[in-house]
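Accompanying notes for the structure given below.
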Amino acid sequence: MIGLRSKILLAFGGLLAILLIVSAVSTFVFSRYSGATQLMLEQDYSSVAACQDMEDAVEKSNSAIEKVLLGDARDVHVELEALARQFDDALAAQRQSLNLPGEAEATQIAARLWAEYRQSLPAVSDAAKPLPQRRSEYERIVQPQADELLSATRRITELNRTNATSTKGEAQRLAHSAMYALHVLTAAAVVFAIAFSIGIGRMILRPLGRLTQSVREIRAGNLDASVPVESSDELGHLGAAFNEMAEQLRVFRRIDHEKLMRTQRTTQLAIDSLPDPVFVLNPAGRIELTNDAAGRWFEINPGDLPPEALRAWVERALRQLAGADGAAIADASGYESTIQLNRDGSERHLLPRAVPIRDEQQRLIGATVVLNDVTGLRRLDQMKSGLLALVSHELKTPLTSMRMILHLLADDRPNGLPTGDQLRELLITARDDSDRLHQIVENLLDMGRIESGRVLMELQPIDAAELIGRSVRPLRPAYGEHGVELRVEALPADVQVMADATRIGHVFSNILSNALRYTPAGGLVRIGARTLPEAVEIDLSDNGCGVPRAHLHRVFEKFYRVPGQSRGGAGLGLAIVKDIIEAHGGRIAIESDQGRGTTVRFTLNRAGRERHDEAAIASASVAVE
């Protein structure tokens with residue numbers, strides 16, 4: 001297998017070989033065309049020179065004879081012999097360079113005419129003949145022969161000159177042919193060089209291109225990309241090393257993915273176990289992770305923006321955490337900073353808290369937002385405030401009255417002690433105030449004992465109708481005094497419930513006292529009951545002022561009193577009623593239509609039956625303390 005170095009050397013060596021071949025072929029073509037042109041020119045030049053020598057010999061011979069004929073007495077035979085040798089030499093040279101059509105025939109004619117001319121010369125050069133006779137023979141024989149011989153040599157000269165001219169054209173044609181051949185060779189060399197370069201380039205660049213594409217795919221996250229190894233050269237070794245690297249990255253990715261999945265699952269399970277809503281934000285403020293509580297409360301999913309109610313606070317918190325001071329935490333302080341939500345018809349209060357998530361350079365890369373449900377704590381705070389109000393108001397009024405009475409009774413001034421009816425009135429007032437104090441304290445103690453489970457309900461089977469009648473009987477005089485009708489409707493017969501008669505009496509007393517307090521004279525309070533499969537449902541309805549819908553969900557809270565409807569009481573009555581009913585295993589509910597009245601429904605388990613699911617809870621309303 002050819003290595004990368006060999007491929008590169010082959011590429012450059014191939015181009016060099018192409019260059020050398022083109023140079024050698026060009027040299028051969030030019031040498032061939034140049035030799036042919038030179039040979040033709042040399043042959044034409046030799047023929048022209050030979051013809052010129054023959055013409056010169058003939059002309060000089062004529063000149064010598066003409067001088068003799070003009071009376072020159074010198075001997076011309078030697079000169080004529082020399083000129084004859086010159087002509088013969090030139091004729092021999094001409095015969096060596098016969099290369100043109102018609103040149104051989106013209107040369108033969110010139111040789112024949114030369115032979116005739118030489119034969120005629122002695123007659124005109126013989127001094128023994130009379131001069132007039134020689135002149136006559138010269139003009140009649142020799143001169144015409146000389147002219148014809150010169151014409152023959154000039155014809156040969158003209159042939160070679162014409163050929164020289166045509167040789168120039170041939171030389172140009174040969175030059176054009178050589179140029180064309182050179183261009184063809186050059187074009188062929190270029191095409192071959194391009195094809196060779198493309199082939200070698202593909203051999204070298206195709207593996208590099210595949211490797212580059214695989215690198216890009218891995219950069220894009222596709223770690224399954226690999227490079228096909230088709231050679232054992234350096235590029236093949238590089239591709240194999242790349243595949244090994246990709247495989248190792250896949251192993252690392254699998255390990256990191258498993259570790260990340262374990263971390264995510266653990267984190268998800270951890271935050272899902274929290275009862276409060278929790279979600280994780282990215283730096284852009286979008287949710288990346290939520291727990292079950294956040295999904296139930298706000299119906300949000302990863303990728304969503306925070307809930308509308310929290311969006312403004314989240315934006316402020318992220319700016320605070322990403323600020324120059326780099327706050328360690330962002331939270332709302334105090335119940336006045338809570339975020340209020342209505343969930344399942346009830347008002348909830350959430351206290352937000354944002355914990356930053358930072359990288360190694362302490363840059364903010366996210367935040368964890370925890371929404372602590374402080375509704376119970378807030379209500380406890382309100383209960384504390386209510387208890388303080390109770391102590392400062394409900395207890396203060398009777399205590400003040402009792403102190404005044406005691407001070408009057410302890411006054412040792414003459415005639416200072418009240419007597420008769422005044423004394424009786426003071427004592428009755430002191431008794432009523434002490435009873436009121438006793439009732440408030442008893443309510444508080446009962447609530448504490450019931451909530452702590454220290455009060456044991458003495459549940460016994462008792463007839464439902466008898467229980468209702470016994471509980472209602474003590475309240476009839478008060479209803480009669482206020483002009484409110486208390487009506488007990490048809491009750492179920494021979495149905496027993498499991499109940500503590502004393503505690504259920506407290507339930508009826510609190511509910512009916514509230515109904516009497518908020519029902520005007522001439523009003524009606526109805527008591528009814530119906531039998532359920534496993535319980536008895538008791539209804540207490542009035543046609544009083546009713547409870548605003550916004551406050552219905554809070555009427556069973558401790559120390560809560562509906563604004564504008566507080567007519568005495570500490571806000572504990574319905575809270576105690578709820579605790580007693582639930583301690584019996586029953587359920588209580590309220591419904592109300594403001595201005596039309598209120599209905600309270602509660603259930604008591606039937607005697608002699610097992611309690612399966614919770615009995616139906618009627619929703620009802622009652623005017624509260």
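Read the figures in this text as sums done on the coordinates, not as results from a lab. Small disclaimer: the values here were computed from a predicted structure and weren't measured. Note: ideal-geometry Cβ built from the backbone for every residue, glycine included; neighbour counts use all protein chains shown.
Among CYS51, CYS545, sorting on how many other beta-carbon atoms sit within 10 Å of each Cβ, with the fewest leading, yields CYS545, CYS51. Here the calculated FRET efficiency for ILE194 and ARG253, from their Cβ-Cβ distance with R0 = 51 Å, stands at 0.70, rounded to the nearest 0.05.
Counted by neighbouring Cβ atoms within 10 Å, the residues GLU557, GLU244 run from fewest to most as GLU244, GLU557. Ordering 93-106, 578-591, 482-495 by mean Cβ neighbour count within 10 Å, with the highest value first, yields 578-591, 93-106, 482-495. A Förster radius of 56 Å, combined with the Cβ-Cβ distance separating GLU347 from VAL215, puts the computed FRET efficiency at roughly 0.40.
Put simply, the amide H of GLY523, placed in the peptide plane, has neighbours under 5 Å in GLU485, leaving out anything fewer than 5 places away on its chain.
Only counting other Cβ atoms within 10 Å, I'd like VAL25, VAL68 sorted with the fewest neighbours first. Write out the running numbers ahead of the final one.
Working: VAL25 16, VAL68 21.
In order of increasing Cβ crowding within 10 Å: VAL25, VAL68.
If I stretch the segment between HIS407 and ASP421 completely, what's the gain in nm (0.36 nm per residue apart, minus their alpha carbon distance), one decimal?
Numbers: separation 14, 0.36 × 14 = 5.04 nm, distance 1.78 nm.
Here the segment from HIS407 to ASP421 would lengthen by 3.3 nm.
Annotation for ALA128 and ARG140: the two label points, set 7 Å from Cα along the Cα-Cβ direction, are 2.0 nm apart. In terms of packing, defined here as the mean over residues of other Cβ atoms within 10 angstrom, the peptides 465-475, 205-215 line up highest first as 465-475, 205-215.
Could you work out the Rg to Rh ratio of the range 457-605, with Rh taken as the Kirkwood radius (inverse of the mean 1/r over all Cα pairs)? Present the calculation step by step, with values, prior to reporting the outcome.
Working: Rg = 14.7 Å, Rh = 15.5 Å.
Reported Rg/Rh, Kirkwood definition of Rh: 0.94.
Fully extending the segment from ALA17 to SER232 would add 74.7 nm, taking 0.36 nm per residue of separation and subtracting the current Cα-Cα distance. Rounded to 0.05, the FRET efficiency of the ARG476 and ARG296 pair, given R0 = 56 Å and the Cβ-Cβ distance, is 0.70. Annotation: amide H of GLY366 within the under-5 Å range of ILE357, sequence separation 5 or more or interchain, hydrogens built in the peptide plane. Length gained on full extension, HIS553 to THR186, computed as 0.36 nm times the residue gap minus the Cα-Cα distance: 122.0 nm.
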